[in-house]
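Working notes, structure below.
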Amino acid sequence: MRSREIISLLCISLILFLSACSLDEWTNQQENSEEKSSSEQKEAPAEEKQPQDKQDAKEEASYAYAQQLDEEVDKDGLTIIDNPNVKEVVVNKQRKLPVGYEPEELVIPDVPFPFEGDHPKKYLQPEAAEALEELFKGAENAGLELYAASGFRSYERQKSIYENNVKQRGQEEADKFSARPGTSEHQTGLAMDVTSPEMSFKLEQSFIETKEGKWLEDHAHEYGFVVRYLEGTKDITGYEYEPWHLRYVGKGLSTEIHESGGTLEEFFGFYEN
Ligand SMILES: [Zn+2]
C-alpha cells in the first residue's frame, strides 16, 4: 500500500514536471533534479535545528548572566538590578529596577482592552506585545474571550500609587499588597494583567475557575509567558496567587519554567529552598 502511494505520488510529480519543462531539458536535468529534491528533504530538519541551537546557546548565556550579576544594594537593603533590559530580568520586593528605569521601546499590542484611550497601561515591549497578540489569537481559536487590563506602569506612577496606599493604610499594611516604586514587574513592560467579561474585567483569584483562567494556566507558556505569581508561593515571590498576571520571558524559557513547576526566583537561583 505504502509503495503504491509513493509510485502514484511520483507519477503525479512526473506529470507536473513534464508540463513545466520541455522534454530535452527534462532529459538533461532529470538526475540533478532528483538529487536536489532528495537532498532538500534531508537538509530541511538540519536547517530548522540550527536556529534552535543558537536559541539554546543564547538562553544558556542568559541563565548564566542572571546568576553572575554584580549588583549593588541600596540603603534599604534592596538589590538594584544590574541590567534591566533582558527579558529574563527578575524584579521583586528585594530586587528593584534602577530609579526612573523605562524600557527602550513600548508599543500597544493589538488586543482588546476593557477601556478606551491611549493609556500607558496598554503598552508592552515590542517582543512581548507580539507574543501577547499570538496568545490572544490562540485563546480566540479556543473559543475564549480575553482582555488585556494592565501592562506597563512607570516608576513615577508606581511611586504615586504606593505613596497613596501608605497615606491611607500605613506603610506596614501598604507593603503587603502594594509594590514600592522600582519593585513592580509592570515597570519592565514585560507583564500584562489579563481578564475576561466573565470576570466583569476584574483581577481576582476566582479567574482560575473560569475557562479563560484555566486555559492561561495550561497554555500561556506556549506563547512565551508564565503565570508569574503561583498559588502558595507568597514566601518566594512576595505576592499572593495572581492567575491573571502574565510575564513574558520568551518562548523556550517559558516552557522550561512552566515545566519546573516553580517560580522565576527559584528557576534563576534567587531563592534557596
Ligand atoms: Zn500584574
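The values are calculated or read from the model by the stated rules, or taken from the named source; none is laboratory data. Bear in mind the structure is a predicted one, so any value in this text is a computation, not a measurement. Here the Cβ is made from the backbone with ideal geometry for all residues, glycine too, and neighbour counts use every protein chain on show. Areas reflect the complete protein model, heavy atoms only, side chains present, ligands, DNA and RNA absent. Shrake-Rupley method; radii C 1.70, N 1.55, O 1.52, S 1.80 Å.
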Filtering region 235-250 down to residues that are modelled with pLDDT of 95 or more and among the charged types (D, E, K, R), which residue is least open to solvent (accessible area, probe 1.4 Å)? 247
Among the residues in region 149-167, are any touching a helix residue (DSSP H, G or I) at 6+ places or on another chain (Cβ under 7 Å), in a loop (DSSP other than H, G, I, E, B) and over 26 Å from residue 240 (Cα atoms)? no
Tell me the residue from 184, 178, 150 that is within 14 Å of the ligand (Cβ to nearest atom), of a type in the set (Ser, Thr, Tyr) and modelled with pLDDT of 95 or more, please. 150
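Are any of the residues in region 161-169 in contact with a strand residue (DSSP E or B) (Cβ under 9 Å, 6 or more places away or on another chain) and either modelled with pLDDT of 95 or more or more than 12 Å from the ligand (Cβ to nearest atom) (or both)? Talk me through it step by step, then tell me what you get.
Here is the first cut: in region 161-169, the ones in contact with a strand residue (DSSP E or B) (Cβ under 9 Å, 6 or more places away or on another chain) are none.
Scanning region 161-169 turns up no residue that is in contact with a strand residue (DSSP E or B) (Cβ under 9 Å, 6 or more places away or on another chain) and either modelled with pLDDT of 95 or more or more than 12 Å from the ligand (Cβ to nearest atom) (or both).
Where residues in region 220-234 are more than 16 Å from the ligand (Cβ to nearest atom) and in a loop (DSSP other than H, G, I, E, B), which of them is surrounded by the most Cβ atoms within 10 Å (Cβ to Cβ)? Give the derivation first.
From region 220-234, those more than 16 Å from the ligand (Cβ to nearest atom) are 221-224, 232; that's our starting set.
After this cut, where a residue has to be in a loop (DSSP other than H, G, I, E, B) as well, the list is 224, 232.
Details: 224: 25, 232: 8.
Looking at residues that are more than 16 Å from the ligand (Cβ to nearest atom) and in a loop (DSSP other than H, G, I, E, B), I get 224.
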Only unsatisfied item for residue 128, checking (1) at pLDDT 95 or above; (2) part of a helix (DSSP H, G or I); (3) surrounded by fewer than 23 Cβ atoms within 10 Å (Cβ to Cβ); (4) within 16 Å of the ligand (Cβ to nearest atom), is (3)
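When you check residue 109 against the structure, is it modelled with pLDDT under 95, within 16 Å of the ligand (Cβ to nearest atom), under 23 Å from residue 249 (Cα atoms) and not hydrophobic (A, V, I, L, M, F, W, C), yes or no? Explain how you work it out, then say what you get.
Details: modelled with pLDDT under 95: no; within 16 Å of the ligand (Cβ to nearest atom): yes; under 23 Å from residue 249 (Cα atoms): yes; not hydrophobic (A, V, I, L, M, F, W, C): yes.
For residue 109, the condition - modelled with pLDDT under 95, within 16 Å of the ligand (Cβ to nearest atom), under 23 Å from residue 249 (Cα atoms) and not hydrophobic (A, V, I, L, M, F, W, C) - is not met.
Being touching an Asp or Glu at 6+ places or on another chain (Cβ under 9 Å), assigned by TED's automatic domain parsing to the domain that holds residue 80 and either away from the ligand (no atom under 13 Å from the Cβ) or open to solvent by 10 Å² or more (accessible area, probe 1.4 Å) (or both): is that true of residue 139 here? So that I can check it myself, show each step before the final result.
Numbers: touching an Asp or Glu at 6+ places or on another chain (Cβ under 9 Å): yes; assigned by TED's automatic domain parsing to the domain that holds residue 80: yes; either away from the ligand (no atom under 13 Å from the Cβ) or open to solvent by 10 Å² or more (accessible area, probe 1.4 Å) (or both): yes.
So residue 139 fits the description; yes.
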Residue in region 253-265 that is farthest from residue 94 (Cα to Cα), counting only those that are in a helix (DSSP H, G or I) and open to solvent by less than 60 Å² (accessible area, probe 1.4 Å): 255
Failed condition for residue 114, given (1) open to solvent by 60 Å² or more (accessible area, probe 1.4 Å); (2) touching a helix residue (DSSP H, G or I) at 6+ places or on another chain (Cβ under 9 Å); (3) over 19 Å from residue 249 (Cβ atoms); (4) assigned to a loop (DSSP other than H, G, I, E, B), with all others met? (1)
Of the residues 158, 205, which is within 16 Å of the ligand (Cβ to nearest atom) and either on the phi > 0 side of the Ramachandran plot or open to solvent by less than 50 Å² (accessible area, probe 1.4 Å) (or both)? 158
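So is residue 250 within 14 Å of the chain's Cα centre (by Cα) and either part of a loop (DSSP other than H, G, I, E, B) or among the aliphatic types (A, V, I, L, M) (or both) or not? Full working, then the answer.
On the way: within 14 Å of the chain's Cα centre (by Cα): yes; either part of a loop (DSSP other than H, G, I, E, B) or among the aliphatic types (A, V, I, L, M) (or both): yes.
Yes.
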Just one of (1) away from the ligand (no atom under 12 Å from the Cβ); (2) open to solvent by 20 Å² or more (accessible area, probe 1.4 Å); (3) not in a loop (DSSP other than H, G, I, E, B) trips up residue 212, so point out which. (2)
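Taking the conditions exactly as written (among the aliphatic types (A, V, I, L, M), within 13 Å of the ligand (Cβ to nearest atom) and either open to solvent by 50 Å² or more (accessible area, probe 1.4 Å) or over 24 Å from residue 75 (Cβ atoms) (or both)), does residue 199 satisfy them or not? Can you show your working first?
Numbers: among the aliphatic types (A, V, I, L, M): yes; within 13 Å of the ligand (Cβ to nearest atom): no; either open to solvent by 50 Å² or more (accessible area, probe 1.4 Å) or over 24 Å from residue 75 (Cβ atoms) (or both): yes.
Considered against the rule, which asks whether it is among the aliphatic types (A, V, I, L, M), within 13 Å of the ligand (Cβ to nearest atom) and either open to solvent by 50 Å² or more (accessible area, probe 1.4 Å) or over 24 Å from residue 75 (Cβ atoms) (or both), residue 199 comes out as no.
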